[in-house]
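Here's the structure we're looking at; comments come further down.
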Amino acid sequence: MNKFIHPFIQALKTADLRKKLLFTAFIFLVFRIFAHVPIPGVNVEKLQTLFSQSEFLGLLDIFSGGTLANFSVMAIGLNPYINASIILQLLTMVFPKLEELSKEGEYGREKINQYTRFLTIPLALIQSLGMYALLKSQDIINIQSPIVLLSMMVTMTAGTILLMWFGELISEFGIGNGISLLIFGGIVGRLPVVAWQTVTVINQELLINTGIFLLMGFLVVAGIVFVNEAVRQVPVHYAKRIRGNKTVGGTSTYIPLRLNQAGVIPIIFAVSIVLLPSLFGRFAVYLPNKLLQDFAQNVVTTFATGGLAYDITYFLLVIGFTYFYTAVTFNPQKIAADIQKYGGFIPGIRPGSPTSQYLNYILTRITLAGAIFLGTIAILPSIIRGFTGIATLTIGGTSILIIVSVVLETVKQLEAQLVMRNYEGFLQR
C-alpha cells in the first residue's frame with residue numbers, strides 16, 4: 001500500500017506536480033457536477049427503477065459514470081468516442097494511407113485523434129436518438145416536438161464533446177491519461193451505490209457466500225496487480241565497437257514484454273461491441289412487423305447480459321481485441337530493425353528477420369495468457385453469480401480491473417515525473 005501512497009505524498013510536496021494533481025481533481029469535480037445536471041422532460045424515478053432492473057442498462061450506466069441513470073447532459077458519456085476509436089483503429093488496418101499516417105509519429109497520432117473526434121459527433125447523435133427511442137418505449141420520456149428532440153440530441157452530443165475536452169485537458173495539464181481517468185472517476189463515483197446494493201444482498205445470503213465473495217475480491221485484485229506487473233525479459237547484447245579513440249557498446253539490456261500489453265483497452269472495446277445486439281434487439285421489439293419483433297425478442301433473450309451466449313461472445317471478443325491492440329501497439333519488425341541498427345542481438349538469434357520472428361513467437365504466447373486472464377475478468381460477474389448468487393456487481397471484475405490498472409499507470413507516471421525532477425535537480429547542483 002505504501003508503494004502507491006508514497007508517490008502521491010511526494011508529488012504533493014513538489015510544486016508543479018501538486019498543480020497537476022489539483023488540476024486533475026478540479027476537472028473531476030466539474031465532471032461530477034455536470035453528471036447531476038439532468039435533461040428536462042425525463043421521469044428520473046422511473047428511469048432509475050428501469051436501470052435497477054436491467055443488467056444491460058446498469059452496464060452502460062457504470063461505463064458512463066452514473067450519468068445515464070440521472071440522464072444528465074453527459075448521459076451517453078464517452079461511449080461514442082470509444083466506438084469511434086475502435087472504428088478508426090480498424091480502418092487503420094484496412095486503408096494504407098491511414099496506416100502510413102499512424103506511423104508518422106506525433107503528427108500522425110494527432111491527425112488520427114482529430115478524425116476520431118469528428119467521427120464521435122455523428123455517433124453521439126445516433127446514440128442519443130437511440131437512447132430517446134428506448135426511454136420513449138418505456139414511457140419514461142415525453143417529448144412531442146421535433147425541435148425539443150433535436151435540442152436534446154444536441155445537448156447530449158455537446159456533453160460527450162465536453163467530456164472529451166476534459167480528458168484532453170487532463171492528459172495535457174494533469175496527471176495520467178485523461179480518458180482513462182474519467183472512466184475511472186465515473187466507476188469510482190458509482191461504487192458506493194453498487195457496494196451498498198451488494199451489502200444488502202449479502203445480508204440476506206448465507207455467511208459462506210459472504211466469505212466466498214470477499215475471498216474472490218481479494219484474489220481478483222491480487223491477480224490484476226500480478227498480471228499488470230508481469231514482464232517477460234528478453235535479453236539483448238550489444239557488441240563492442242571502436243569509434244575513434246573510444247570503445248562503445250559491449251553492454252547488456254533487455255526488452256520488457258508485458259504479459260498484459262494491451263491494458264484495459266480490449267475490455268472497453270469488447271463491451272462496446274457485445275452490447276450492440278441486445279441494444280438493437282430492444283429497439284426492434286417495438287417495430288410494427290411481427291416477424292421482426294419475434295426475431296428481436298430472440299436476439300434480446302440470446303444475448304441477455306449474463307447469459308451463456310453473451311459470456312462466450314464477450315470472452316472471445318476480449319481475446320480478439322487483446323491480440324489486435326497488442327499488434328497495433330507493439331511492432332516486432334521495428335524493434336528488430338532498431339536492435340540491428342545499433343549493433344545489438346538476442347543471444348542465439350540472428351539479427352533481422354529471425355529476431356522479429358522470435359519476438360513475435362514470444363509475444364503471441366504471453367499475450368494468450370494475458371488475453372485469457374482479461375476474458376475471465378470480463379465474465380467474472382457470471383462466475384460470482386454462479387458461486388454466490390450475488391448479481392448486484394454488474395461488471396465487478398471489469399470495474400476493479402479499470403480502477404487497479406489506472407491507479408498503477410498513474411503511480412508509474414508520478415514516479416517517472418519524480419525521478420526526472422530529482423535527476424534535473426542533481427544536474428543543476
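The values are calculated or read from the model by the stated rules, or taken from the named source; none is laboratory data. Quantities reported herein were computed from a predicted structural model and do not represent experimental measurements. Glycine gets a Cβ as well: all are built from the backbone with ideal geometry, and neighbour counts include every protein chain shown. When the accessible area is computed, the model is the full protein with side chains, heavy atoms only, and any ligands, DNA or RNA have been set aside. Shrake-Rupley method; radii C 1.70, N 1.55, O 1.52, S 1.80 Å.
Here are some notes:
- In segment 24-42, of all residues being over 26 Å from the mean Cα position of the chain (by Cα) and over 12 Å from Asn70 (Cβ atoms), the one that is modelled with the highest pLDDT corresponds to Pro40.
- In segment 212-232 there is at least one residue that is assigned to a strand (DSSP E or B) and either open to solvent by 30 Å² or more (accessible area, probe 1.4 Å) or modelled with pLDDT of 65 or more (or both).
- The numbered conditions (1) at pLDDT 80 or above; (2) open to solvent by 50 Å² or more (accessible area, probe 1.4 Å); (3) over 22 Å from the mean Cα position of the chain (by Cα) are all true for Pro332 except (2).
- Failed item in (1) touching a Lys or Arg at 6+ places or on another chain (Cβ under 8 Å); (2) open to solvent by 40 Å² or more (accessible area, probe 1.4 Å), with Gln357 passing the rest: (1)
- Check on Leu182, modelled with pLDDT of 65 or more, open to solvent by 40 Å² or more (accessible area, probe 1.4 Å) and of a type outside the set (Gly, Ala, Ser): no
- Failed item in (1) in a helix (DSSP H, G or I); (2) out of contact with any Lys or Arg (no Cβ under 8 Å at 6 or more places or on another chain), with Gln144 passing the rest: (1)
- Selection status of Val236, closer than 28 Å to Asp338 by Cβ and modelled with pLDDT of 80 or more: yes
- If you go through segment 160-192 and pick out every residue that is small (Gly, Ala, Ser) and touching a Gly at 6+ places or on another chain (Cβ under 8 Å), you end up with 6.
- Filter result (part of a helix (DSSP H, G or I), among the polar types (S, T, N, Q) and either buried (at least 17 other Cβ atoms within 10 Å of the Cβ) or touching a helix residue (DSSP H, G or I) at 6+ places or on another chain (Cβ under 9 Å) (or both)) within segment 102-141: Ser102, Asn113, Thr116, Thr120, Gln127, Ser128, Ser137
- Number of positions in segment 46-83 that are of a type in the set (Asp, Glu), open to solvent by 30 Å² or more (accessible area, probe 1.4 Å) and either at positive phi or at pLDDT 65 or above (or both): 0
- Some residue of segment 126-135 being aromatic (Phe, Trp, Tyr) and at pLDDT below 85: yes
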